[in-house]
Amino acid sequence: MKFPIYLDNSATTPLDPRVVEAMLPYLTQHFGNPASTTHEFGRIASRAVEEARAQVAALVNADEREIVWTSGATESNNLAIKGAACAPKARGRHLVTLQTEHKAVLDTMKELERLGHEVTYLAPEAGGLVDLARFEAALRPDTVLASVMLVNNEIGVIQDIAALGALCRERGILFHVDAAQATGKLPIDLAQLPVDLMSLTAHKTYGPKGIGALYVRRERSVRVASQMHGGGHERGLRSGTLATHQIVGMGECFRIAGMEMASEVPRLRALRDRLWAGLRDLTYLRVNGDMERRIANNLNLSVALEDCDALMTSLTDIAASSTSACSSGSAMPSHVLQALGSISATTLRLTVGRFNTEEEIDHAVRHLRHKLEQCGAGKRATAA
Ligand SMILES: *Cc1c(COP(=O)(O)O)cnc(C)c1O
């Protein structure tokens, strides 16, 4: 067993060795610029880019012409939201989103507010899911776009994208979905889902960092104003020389996800459930977020012990993610848990991945119990 045990797979994943293998030739002999169509170097790179585009499109059941390469989900969110809000003939200046979105959505919305747009930030229910009636009530005749993530990166809850999208479509409102945490964990069928724009990234699905894509629906001729001007790459939507090796890596990791998701998800669920089974008798632990409508690999726990800030730094054997209600600690308070009304405790996000083993989970349980008991010893548990 190697230490620390990596249990932070929602922050990023290690690269699958098959992805590295696929990328390597495009860092060495196949170095051509995919835009150099006059010679073989460029044509080889261009073919690789288009094959990867088809692989990414296939995982979400889209047409490859609907996939635009970006540097990751942050850029995709910026392009989708600013691009739609600032497109010529946008039908208004109002946008709708959730308080529990990723900062790449929330900070983009704040920037639009600064530029004179109006944004409604909806609070979710206690379990982290948005109420459909509340969402519907927020939609207005001047709403140009709504943005709701498919899977929350902190608590792993799955929003009802089909129902939310249908409410937008009835009203002619564009619907954007940040799916950075969903690929390889949930089937996504854009031929069926009423979604106009979807942000994707490679590095949460065993691919390289710094590459992502934005899905832009063709059939409704969704208009997005470019945010990056230059050589007119990607049909003018996103200029910049394509990062062939990164793109090949994203194609390969999405291909593997499509092939292995059906067998991988139950394995991840079993590991996550084993982790929780080893901890759940500790009465000061509580799960944040709905446990049913949740991806298979996520466990997000509140630790209701006083003065537990030092807990995270003492977790030497595992690598996990933590937030704290008290900003004096090393970790920042979480805007997601605050929106859920869960602000009184240290929280611990444990996310398992493709390369975790049962032995690692068992060790993590022993280690966590030991550290939690140390931290709780002589201290009073706060109200759970
Ligand atoms: C990781 C993440 C992002 C940011 O993606 P990058 O590719 O790192 O820019 C955006 N949204 C969600 C939900 C994420 O989990």
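The values are calculated or read from the model by the stated rules, or taken from the named source; none is laboratory data. For clarity, every value in this text was computed on a predicted model and none was experimentally measured. Because the Cβ atoms are built from the backbone with ideal geometry, glycine has one as well, and the counts that use them run over all protein chains shown. Accessible surface areas use protein heavy atoms only, side chains included; no ligands, DNA or RNA. Shrake-Rupley method; radii C 1.70, N 1.55, O 1.52, S 1.80 Å.
For the reader, a short list of remarks on this structure follows.
- Looking only at the stretch 194-211, and only at residues there that are more than 11 Å from the ligand (Cβ to nearest atom) and out of contact with any helix residue (DSSP H, G or I) (no Cβ under 6 Å at 6 or more places or on another chain), the one that is farthest from Ala257 (Cα to Cα): Asp196
- Members of the stretch 112-126 found to be farther than 28 Å from Gly289 by Cβ and either within 16 Å of the ligand (Cβ to nearest atom) or part of a loop (DSSP other than H, G, I, E, B) (or both), listed by number: Leu115, Gly116, His117
- Scanning the stretch 212-221 for any residue that is within 16 Å of the ligand (Cβ to nearest atom), out of contact with any His (no Cβ under 7 Å at 6 or more places or on another chain) and open to solvent by 10 Å² or more (accessible area, probe 1.4 Å) turns up nothing.
- Restricting the stretch 1-18 to residues that are open to solvent by less than 20 Å² (accessible area, probe 1.4 Å) and away from the ligand (no atom under 15 Å from the Cβ), the residue that is farthest from Ala179 (Cα to Cα) is Ile5.
- Checking each residue in the stretch 241-265 for being open to solvent by 70 Å² or more (accessible area, probe 1.4 Å) and either of a type in the set (Ser, Thr, Tyr) or without any contact (Cβ under 8 Å) to a residue 60 or more places away in the chain (or both) picks out Thr241, Met259, Ala262, Ser263.
- Odd one out for Asn78 among (1) under 30 Å from Arg272 (Cα atoms); (2) within 16 Å of the ligand (Cβ to nearest atom); (3) open to solvent by 10 Å² or more (accessible area, probe 1.4 Å); (4) not basic (Lys, Arg): (1)
- Residues that are more than 16 Å from the ligand (Cβ to nearest atom) and open to solvent by less than 10 Å² (accessible area, probe 1.4 Å) within the stretch 56-75 comprise just one, Ala57.
- When restricted to residues that are surrounded by 13 or more Cβ atoms within 10 Å (Cβ to Cβ) and either part of a loop (DSSP other than H, G, I, E, B) or in contact (Cβ under 8 Å) with a residue 24 or more places away in the chain (or both), the stretch 28-45 contains 8.
- In the stretch 81-110, the residues that are open to solvent by 60 Å² or more (accessible area, probe 1.4 Å), more than 13 Å from the ligand (Cβ to nearest atom) and at pLDDT 95 or above: Arg93, Gln99, Lys110
- Neighbours by Cβ (under 6 Å, 6+ apart or cross-chain): first from the stretch 159-188, not assigned by TED's automatic domain parsing to the domain that holds Gly92; second aromatic (Phe, Trp, Tyr) and open to solvent by 30 Å² or more (accessible area, probe 1.4 Å): none
- Test: residue in the stretch 266-286 that is in a loop (DSSP other than H, G, I, E, B), of a type in the set (S, T, N, Q) and modelled with pLDDT under 95: yes
- Members of the stretch 132-158 found to be open to solvent by 10 Å² or more (accessible area, probe 1.4 Å) and within 16 Å of the ligand (Cβ to nearest atom), listed by number: Leu150, Asn153, Glu154, Ile158
- Listing of helices (runs of 4 or more DSSP H) fully contained in the stretch 299-384 that carry 2 or more residues being farther than 30 Å from Met261 by Cβ and at pLDDT below 90: 311-314, 358-376
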